[in-house]
């Protein structure tokens, strides 16, 4: 099996810690090094143990490394898309952390160039590969729940003043950085919405959009409500997903276990026996928890090697980004 020679561009993203996942699979990934052109970002984040022993370099050096297959783009959130486009133009597959920018045209250009060059773009929406979410996707697609009428999802947390200052730098505040995950799930399950209505608010007088709400309407009268808040006590533990149909309802709560490990608790209610499950409410057994990004980055390796098709093609990523911006 060919190892994927990969580097990380940027260290400022709040999920840049996923380089630990790459390093957990040395038989799959050859981590060539880390590039950070901003000395302030490097000083603030580059001292973490997850970078121990890795070469540091400038971005031009990283992109010119012989045999480099791919780049994990983990810059500060505002810089993600320009950095990713540089990687694509250098002929590299990319894992791009979310979201895909604050406007649509640059991300659209990125995807178009990647498609032309036949380069993979994997977005860092970690719930996609969660076994709990995969069960939900299968349940919806197989018809286990019947005709779906409602999709409700919450991804909240509680944060202090320092994080509020970060969130204030985003045009749309907390919804832009968190609701994107929920938009992705809604689009995976139900496709393109008929309309998206943003309803986010500020709960304090500092101008931070800290209380996010968006409503999506899909074909057949299906509605989705997506919520995120950074002022919810116990918000991380209450992250949940509810899908209601006329033959069954699914509840995932919490969405993740043991902090931020992949896998949540799944509860299924059915009106009658179906799909190997009994009428009534039951907890659906899930596999042992694993790292939040384990399956996603192993999937990325398979895509880069040409072993599997990208399950989330360019048009899906573009639709998710369009819906996200509409939701903000």
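The values are calculated or read from the model by the stated rules, or taken from the named source; none is laboratory data. This one's a predicted model, so the numbers in the text were calculated from it and none came from an experiment. Don't worry about glycine lacking a Cβ; one is built from the backbone with ideal geometry, like all the others, and counts go over all protein chains shown.
Any chance you could count how many residues in segment 52-78 are in contact (Cβ under 8 Å) with a residue 60 or more places away in the chain and either out of contact with any strand residue (DSSP E or B) (no Cβ under 9 Å at 6 or more places or on another chain) or farther than 20 Å from residue 180 by Cβ (or both)?
Residues flagged as in contact (Cβ under 8 Å) with a residue 60 or more places away in the chain and either out of contact with any strand residue (DSSP E or B) (no Cβ under 9 Å at 6 or more places or on another chain) or farther than 20 Å from residue 180 by Cβ (or both) within segment 52-78 amount to 9.
Return only the number of the condition from (1) surrounded by fewer than 21 Cβ atoms within 10 Å (Cβ to Cβ); (2) modelled with pLDDT of 95 or more; (3) in a helix (DSSP H, G or I) that residue 162 does not satisfy.
Among (1) surrounded by fewer than 21 Cβ atoms within 10 Å (Cβ to Cβ); (2) modelled with pLDDT of 95 or more; (3) in a helix (DSSP H, G or I), residue 162 violates only (2).
Could you list, in sequence order, all residues of segment 295-310 that are out of contact with any helix residue (DSSP H, G or I) (no Cβ under 6 Å at 6 or more places or on another chain) and in contact (Cβ under 8 Å) with a residue 60 or more places away in the chain?
Result: 298, 299, 300, 301, 303, 304, 305.
From the set of residues in segment 35-46 that are touching a residue at least 24 places away in the same chain (Cβ under 8 Å) and in contact with a helix residue (DSSP H, G or I) (Cβ under 6 Å, 6 or more places away or on another chain), which is surrounded by the most Cβ atoms within 10 Å (Cβ to Cβ)? I'd like the intermediate steps shown before the answer.
Within segment 35-46, the first condition is being touching a residue at least 24 places away in the same chain (Cβ under 8 Å), and the residues that meet it are 35-36, 38, 41-42, 44-46.
So of that shortlist, the ones also in contact with a helix residue (DSSP H, G or I) (Cβ under 6 Å, 6 or more places away or on another chain) come out as 35-36.
Values: 35: 24, 36: 27.
Within segment 35-46, the match that is surrounded by the most Cβ atoms within 10 Å (Cβ to Cβ) is 36.
Confirm whether residue 213 is crowded, with 23+ Cβ neighbours inside 10 Å and in contact with a strand residue (DSSP E or B) (Cβ under 6 Å, 6 or more places away or on another chain).
Here the answer is no, as residue 213 does not meet what is asked.
Which one is surrounded by the most Cβ atoms within 10 Å (Cβ to Cβ), of the residues in segment 116-127 that are at pLDDT 95 or above and part of a helix (DSSP H, G or I)?
Checking each candidate, the answer is 117.
Could you tell me whether segment 211-225 includes any residue that is touching a helix residue (DSSP H, G or I) at 6+ places or on another chain (Cβ under 8 Å) and within 21 Å of residue 132 (Cα to Cα)?
Yes, the conditions are met somewhere in segment 211-225.
Looking at segment 231-239, is at least one residue in contact with a strand residue (DSSP E or B) (Cβ under 8 Å, 6 or more places away or on another chain), assigned to a loop (DSSP other than H, G, I, E, B), in contact (Cβ under 8 Å) with a residue 12 or more places away in the chain and under 18 Å from residue 135 (Cα atoms)?
yes
Determine which member of the set 113, 109, 77 is closer than 23 Å to residue 60 by Cβ, assigned by TED's automatic domain parsing to the domain that holds residue 12 and at pLDDT below 95.
77
So is residue 64 at pLDDT 95 or above, surrounded by 18 or more Cβ atoms within 10 Å (Cβ to Cβ) and over 30 Å from residue 241 (Cβ atoms) or not?
Against the criterion (at pLDDT 95 or above, surrounded by 18 or more Cβ atoms within 10 Å (Cβ to Cβ) and over 30 Å from residue 241 (Cβ atoms)), residue 64 does not qualify.
Which one of 153, 132, 172 is assigned to a loop (DSSP other than H, G, I, E, B) and under 19 Å from the mean Cα position of the chain (by Cα)? Can you show your working first?
Values: 153 fails: assigned to a loop (DSSP other than H, G, I, E, B); 132 fails: assigned to a loop (DSSP other than H, G, I, E, B).
On inspection, the qualifying residue turns out to be 172.
Got a number for residues in segment 87-115 being under 25 Å from residue 2 (Cα atoms), surrounded by fewer than 23 Cβ atoms within 10 Å (Cβ to Cβ) and without any contact (Cβ under 8 Å) to a residue 60 or more places away in the chain?
Number of matching residues: 3.
Out of the residues in segment 234-248 meeting the condition of being modelled with pLDDT of 95 or more and either outside the structural domain of residue 157 (by TED's automatic domain parsing) or farther than 21 Å from residue 187 by Cβ (or both), tell me which one is surrounded by the most Cβ atoms within 10 Å (Cβ to Cβ).
248
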